[in-house]
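Below you'll find the structure, written out as structure tokens, and then a few comments.
The values are calculated or read from the model by the stated rules, or taken from the named source; none is laboratory data. All figures in this text were calculated on a predicted structure; none of them were measured in a lab. Every residue, glycine as well, gets a Cβ built from its backbone with ideal geometry; the counts of neighbours run over all protein chains shown. All accessible areas refer to the heavy atoms of the entire protein, side chains included, with ligands and DNA or RNA removed. Shrake-Rupley method; radii C 1.70, N 1.55, O 1.52, S 1.80 Å.
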Amino acid sequence: MPNAPLSLPARLCLLAWDIGRPAAGTAPRTELVRAGALVELARRGLLTDVDGIATPVDLDASAGDPVLDGLLDLVRESCPHSWRTWVTLRARVTSDAVREQLVAQGYVRAEKRRVLGVFPSVEYALARVVVVEALREETGQALRGPLPAAGICDRDAAVAVLAAAAHLFGEGPFEQRTRELSERAGEARPGLARIVREVSTTLTERRARSAVTASH
């Protein structure tokens with residue numbers, strides 16, 4: 001698979017990009033990327049759930065990924081918070097780090113610009129659109145079938161659940177499917193299914209509130 005080396009938050013960052021305007025430098029959806037990073041850390045056994053609180057398992061453990069380690073350090077150094085809080089709290093720190101990581105890996109291109117011909121600025125554009133197209137196709141198939149949820153790998157299941165929660169694939173009839181995929185994603189580690197449901201529900205609620213605000 002072309003996206004195999006990518007972490008879960010990196011996949012979600014690319015999925016959120018507008019393929020129709022790859023050169024427009026669409027900013028990543030910060031909360032979606034943060035949600036992916038939280039789930040990735042839980043998948044790797046570095047964060048666990050203790051009475052609804054995102055809790056580091058080991059104060060010295062490392063993910064070996066600068067983005068994930070940055071978030072892990074932030075959780076360790078902060079007051080205890082719920083998963084829902086961590087989806088939004090300083091989420092841009094994680095999304096910006098993921099975007100820079102994708103630039104370094106060649107998936108995204110940073111283009112220097114000058115606003116009004118004077119002020120320096122940086123815009124971001126997809127450099128490997130074909131990879132994102134393949135990722136969207138793969139995730140769409142996970143959401144729509146035909147494979148049963150049990151036939152999808154746990155990481156792809158987690159990506160699909162979070163992408164659906166963020167409305168990346170529209171208002172499709174995904175409710176039953178995402179429940180099945182949440183359970184499949186949770187098979188990687190005890191308690192993970194609950195974490196996936198918690199962060200995905202947060203994304204859905206945030207999207208709904210944003211839609212209501214935008215309509216007024």
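For segment 136-154, the condition holds for at least one residue, the condition being that it is open to solvent by less than 20 Å² (accessible area, probe 1.4 Å), within 25 Å of residue 96 (Cα to Cα) and at pLDDT 95 or above. Evaluating residue 105 against the criteria (1) in contact with a Leu (Cβ under 9 Å, 6 or more places away or on another chain); (2) open to solvent by less than 20 Å² (accessible area, probe 1.4 Å) leaves one unmet condition, (2).
Only one of 138, 100, 133 is over 30 Å from residue 174 (Cα atoms) and out of contact with any strand residue (DSSP E or B) (no Cβ under 6 Å at 6 or more places or on another chain). Can you tell me which?
On the way: 138 fails: over 30 Å from residue 174 (Cα atoms); 133 fails: over 30 Å from residue 174 (Cα atoms).
Just one listed residue meets the conditions, 100.
For segment 66-110, filtering for residues that are in contact with a Cys (Cβ under 9 Å, 6 or more places away or on another chain) and of a type in the set (A, V, I, L, M) leaves 3. Taken over segment 56-70, the criterion of being surrounded by 15 or more Cβ atoms within 10 Å (Cβ to Cβ) and either in contact with a strand residue (DSSP E or B) (Cβ under 9 Å, 6 or more places away or on another chain) or among the basic types (Lys, Arg) (or both) is satisfied by 56 alone.
Checking each residue in segment 131-174 for being of a type in the set (Asp, Glu) and in contact (Cβ under 8 Å) with a residue 12 or more places away in the chain picks out 133, 138, 154, 156.
Filtering segment 47-71 to residues that are touching a helix residue (DSSP H, G or I) at 6+ places or on another chain (Cβ under 6 Å) and part of a strand (DSSP E or B) leaves 47, 49, 54, 56. Does residue 73 count as open to solvent by 50 Å² or more (accessible area, probe 1.4 Å) and at pLDDT below 95? No; evaluated as a whole, the condition is false for this residue. The single residue among 100, 133 that is over 16 Å from the mean Cα position of the chain (by Cα), closer than 28 Å to residue 210 by Cβ, modelled with pLDDT of 90 or more and not in a loop (DSSP other than H, G, I, E, B) turns out to be 133. Of all the residues in segment 78-133, those that are out of contact with any helix residue (DSSP H, G or I) (no Cβ under 9 Å at 6 or more places or on another chain) and at positive phi number 3.
Looking only at residues that are within 17 Å of residue 200 (Cα to Cα) and part of a helix (DSSP H, G or I) in segment 81-93, which one is most open to solvent (accessible area, probe 1.4 Å)?
In the first step, residues of segment 81-93 are kept if they are within 17 Å of residue 200 (Cα to Cα); the result is 81-89, 91.
From the residues that got through so far, the ones that are part of a helix (DSSP H, G or I) too are 83-88, 91.
On the way: 83: 1, 84: 83, 85: 52, 86: 2, 87: 0, 88: 50, 91: 6 Å².
Top of the filtered list is 84.
Restricting attention to segment 107-130, does a residue exist that is modelled with pLDDT under 95 and part of a helix (DSSP H, G or I)? Within segment 107-130, one or more residues are modelled with pLDDT under 95 and part of a helix (DSSP H, G or I). For segment 136-151, a residue qualifies if it is assigned to a helix (DSSP H, G or I) and either within 22 Å of residue 166 (Cβ to Cβ) or touching a Pro at 6+ places or on another chain (Cβ under 6 Å) (or both), and the qualifying residues are 136, 137, 138, 139, 140, 141, 142, 143, 144, 149.
The number of residues in segment 178-206 being outside any loop (DSSP other than H, G, I, E, B), open to solvent by 30 Å² or more (accessible area, probe 1.4 Å) and out of contact with any strand residue (DSSP E or B) (no Cβ under 9 Å at 6 or more places or on another chain) comes to 9.
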